[in-house]
1. Among the listed residues A254, A240, identify the single one that is touching a residue at least 40 places away in the same chain (Cβ under 8 Å) and either under 18 Å from R197 (Cα atoms) or of a type outside the set (V, I, T) (or both).
2. Any residue in region 218-227 that is surrounded by 14 or more Cβ atoms within 10 Å (Cβ to Cβ) and of a type outside the set (A, V, I, L, M, F, W, C)?
3. Just for region 314-361: of the residues that are touching a helix residue (DSSP H, G or I) at 6+ places or on another chain (Cβ under 8 Å) and among the polar types (S, T, N, Q), which one is farthest from G123 (Cα to Cα)?
4. Scanning for something in a strand (DSSP E or B), within 13 Å of E320 (Cα to Cα) and charged (D, E, K, R), does region 42-65 turn up at least one residue?
5. Taking D103 as the residue in question, decide whether it is outside any loop (DSSP other than H, G, I, E, B), farther than 21 Å from G295 by Cβ and free of Cβ contacts under 8 Å to residues at least 12 places away in the same chain.
6. Can you pull out every residue in region 319-344 that is in contact with a Ser or Thr (Cβ under 9 Å, 6 or more places away or on another chain) and not in a helix (DSSP H, G or I)?
7. Any residue at all in region 95-108 that's modelled with pLDDT of 95 or more, over 30 Å from K246 (Cβ atoms) and assigned by TED's automatic domain parsing to the domain that holds R337?
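The values are calculated or read from the model by the stated rules, or taken from the named source; none is laboratory data. Because the structure is a prediction, the values reported are computed rather than measured. Note: ideal-geometry Cβ built from the backbone for every residue, glycine included; neighbour counts use all protein chains shown.
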Amino acid sequence: MHVGIPREIKDHEYRVGMLPAGVKALVAHGHRVSVETGAGAGVGATDEAYAAAGAKIGDAPAVWGAELVVKVKEPQAVERARLRPGQILFTYLHLAPDRAQTDELLASGATAVAYETVTAADGSLPLLTPMSEIAGRLAPQAGAHWLEKAQGGRGVLLGGVPGVAPAGVLVLGGGVAGTHAATIALGMGAQVTVMDRAAPVLRRLDAQFGGRVHTRFATPDAIADALPQADLVIGAVLVAGAATPKLVTREMLALLPPGAVLVDIAIDQGGCFETSRATTHSAPTFVEQGIVHYGVANMPGAVARTSTLALTAVTRPFVERLADRGLDALREDPHLRAGLNVHAGRLTCAPVGVAQQRESVTADQALG
């Protein structure tokens, strides 16, 4: 199979879908690999390294002419225009809040497999987990920066100093991203509260942090009660493939102290805060009702080398399977099949159908 690795074009996105070692493995399997010029430059993977691994270095049209395209972020409009029937796209998609992308993927006739809905035997999301870990760890770091007065924040040091209380950090969601956010916030000396709807999650967090992190059941009243003490709120809720529930409404912003910061890790799926909107690394924040909002939709791209190493380690076996078996890989592997979001003009992810109020079919029905 011909496999293409394009250069990412989303704002300040430096990750790459495959490293030279992965290319070498594909070539050893008898596949042809095209890598776009400069695709790995942001992580230190040179064109020469890809060529030495057996890839052909080319321009975007040559790479997008491949049968299987492997990338990191959702295809941008110019990239979606290059998709064609029978082609397989393997990347993050986050379709639920993105009707325009869904429309164009459906119209392309291509097969789109989303990293974020591929499952493991235990029900976890193995291709989403490493980026959730990284985004979670970045969130307190970003929040601490935007809390600085010169950045528009309250002028609060996350860890405080002797005699001055630390910042209050509220984490909404105790899953992978929320747990990692709490870990870093606690390490920076903040007073951390994590809210979740599930009692087992709260028990796990209490045991994991030895009681140093406060835990509360996530209800609207409890969230409203906690907001006045929060300098930083981190939205880390995930419903796989679906639009994220809005846990902090526009009216609730008035409960926060002026200059507080919201960091929305879930922005790819629509965000946890009613006032959230996707931002970029070039323009990462905006202020709404005196509250700083950070909603960069590709947070892990800021630490591209770490992110690429973590991501490609988990995607590589699936890439090899798709290259070796094509659509049969989806038919044979129920966990990879769970990643199928669009196939031949049909939507195959039910949560996206619910979010966008459009018809969907099962992956089995679409694949025949």
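1. After applying the criteria, what remains is A240.
2. no
3. Q356
4. no
5. Yes.
6. A338, G339, L340, N341, V342, H343, A344, listed by residue number.
7. Scanning region 95-108 turns up at least one residue that is modelled with pLDDT of 95 or more, over 30 Å from K246 (Cβ atoms) and assigned by TED's automatic domain parsing to the domain that holds R337.
Residues are listed down the side, and each one gets a yes or a no for (1) of a type in the set (S, T, Y); (2) touching a residue at least 12 places away in the same chain (Cβ under 8 Å); (3) closer than 27 Å to R15 by Cα:
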| position | (1), (2), (3) |
| --- | --- |
| R137 | no, yes, yes |
| H145 | no, no, yes |
| L158 | no, yes, no |
| P162 | no, no, no |
| G178 | no, yes, yes |
| T193 | yes, yes, no |
